[in-house]
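Note sheet for the following structure.
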Amino acid sequence: VEFNVIYDQDGLEQERLKAIKLNKPMLVDFYADWCISCIVMENTVFPLPEIKSKLEQFHLVKADVTENTDKNQALLDNFGLFGPPSILLFDAKGEENKNLRIVGEISEAAFEERLIRGLEG
């Protein structure tokens, strides 16, 4: 699964505008190399056929906060997040569906259910 990698709010805004142009919902995965849960999701959950087929219907963005720079922190703060793992789902109009926000670990079944709901708009 291919993600567009960003590091700050400007990068996220550019990807949000791309998703709107494509008329696709957007998934933002807040990730860090030191986040064990992030690596587990990336290596064992995202590649599952039932998950991958749904992820591919989103404009996929990876917010890499590994370096924990001021811009990384500002991006996290903008959404009231403390750090990864966090996954945000946006509709095709670029608005976050806060009811679908994932903070921390989540089961495969619950993640798939959130993806389905995110695709429904």
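The values are calculated or read from the model by the stated rules, or taken from the named source; none is laboratory data. The shown structure was predicted, so the numbers you read here are calculated from the model rather than taken from an experiment. Ligands, DNA and RNA are stripped out before the accessible areas are found, and what is left, the full protein with its side chains, is counted by its heavy atoms. Shrake-Rupley method; radii C 1.70, N 1.55, O 1.52, S 1.80 Å.
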#### Entry: Rounded accessible area per residue of the chain, 1.4 Å, Å²
54
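When only Cα pairs under 8 Å and 6 or more residues apart are kept, what is the percent relative contact order across the chain?
Relative contact order for the chain comes out at 35 percent.
With a 1.4 Å probe and every protein chain kept in, tell me what percent of the accessible surface of the chain is carbon plus sulfur.
About 49 percent, which is the carbon plus sulfur part of the accessible surface.
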### Task
Only helical DSSP H runs with n ≥ 4 go in: add -39500 (n - 2.57) per run for the chain, normalise by residue count and round the 222 nm mean residue ellipticity to 500 deg cm²/dmol.
-11500 deg cm²/dmol
### Query
When N counts the residues of the range 48-121, how does its alpha-carbon radius of gyration compare numerically with 2.2 N^0.38 Å, as a ratio?
1.14
### For the chain: lysine pairs under 13 Å (alpha-carbon distance), excluding those fewer than 8 apart on one chain
4
